[in-house]
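Let me begin by presenting the structure, written as structure tokens, before commenting on it.
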Ligand SMILES: [Zn+2]
Ligand SMILES: [Zn+2]
């Protein structure tokens, strides 16, 4: 599947990638759409549009050259391609590598990857679950939730119910939290209640939604806020809504800047601001343990389609009218 720019995409045939030393050829079984693909999808810049997209996937090793993997191994894709040598890479925290590159290209039948971009996965877990556990949906959500030590049974606020907010809500609900969410899309509001365990979902277009959040949090605002939308207005509101001495975890991306007034938003409220970026192979192992203990993420998927229907689904996905969408490139 290739993006054509300006909100269009197509399925086309390209050459099967070649294998080189230290590389692995993966047959992609499940590949999921990610909200971060929207930028390239709607772009008119050839640089941004070029190449096969997709960075959340699970599949089977069908060939390898001098790696620790074997043909038939089940794997998930780890898109952070760090140098492998620096302080952070040695700890498996590739996302902090100063010469980091991102791999993509999972919306295809095959992908060739260096060994460090592939993580072994248990064979008894279905690919459609693995793509969630080892992809951004649960991975990024897990790392965001992990920023707070004790969350059990608290009332928390999730700002934005897109793919990441959906994962964060599901995890927080699993941990026994009462989860309040703000989300402008009616489809997603409904989905968050039915499938992610949200206690209450508010429409930020409603002028009283902030009052409603205060009413639900003893009049002083939530102690913990997870900002998953990346929307500048929502990011400011997260800092405004959090209670004094509370914590805001930012995981929604914003490259355009934000007008924070430190005295108002942070100092006088003694707010703790945290970031959470991607996740590590170690996080994936901990997520597998949560899954074994009963974390159910299957309801986060609203659509599973063969590759030829992917362009139509991408359209629907970018309009906020789906949950998580999975492509089966082999069908
Ligand atoms: Zn992503
Ligand atoms: Zn590095």
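Values in this text are rule-based calculations from the coordinates and carry no lab data. Since this is a predicted model, take the numbers as computed values, not measurements. As a convention, Cβ positions derive from the backbone with ideal geometry for all residues, glycine included, and neighbour counts pool all protein chains shown.
Relative intensity of the range 194-265 on a log10 scale, I(q)/I(0) at q = 0.19 Å⁻¹, equals -0.86, per a Debye sum over C-alpha point scatterers of equal strength in the absence of solvent.
Relative to the longest principal axis of the Cα atoms of the chain, the long axis of helix 163-174 makes an angle of roughly 70 degrees. Cα extents for the chain along the principal axes, largest to smallest and rounded to whole angstrom: 59, 41, 38.
Under conditions of 4 °C and 1.567 mPa s, the range 148-275 yields 91 µm² s⁻¹ as its translational diffusion coefficient, taking Rh as the Kirkwood radius over Cα pairs in the Stokes-Einstein equation. For the range 167-231, the spread of Cα positions along the three principal axes, ordered from largest to smallest, is 26, 24, 22 Å. Computed from the C-beta positions of residue 109 and residue 39, the FRET efficiency with R₀ = 25 Å rounds to 0.50.
Compute the angle between helix 281-292 and the longest alpha-carbon principal axis of the chain, please, reported from 0 to 90 degrees and rounded to the nearest 10. In the chain, helix 281-292 runs at an angle near 80 degrees to the longest axis. Using alpha carbons only, the radius of gyration of the range 49-113 set against its Kirkwood radius gives Rg/Rh = 0.99. Length gained on full extension, residue 312 to residue 152: 53.6 nm, using 0.36 nm per residue less the C-alpha separation. Only helical runs count toward this figure. For the chain, summing -39,500 (n - 2.57) over DSSP H runs of n ≥ 4 and dividing by all residues gives -7500 deg cm²/dmol at 222 nm. How far, in degrees from 0 to 90, does helix 136-146 lean away from the longest principal axis of the Cα atoms of the chain, to the nearest 10? Taking Cα atoms only, the helix is inclined about 40 degrees.
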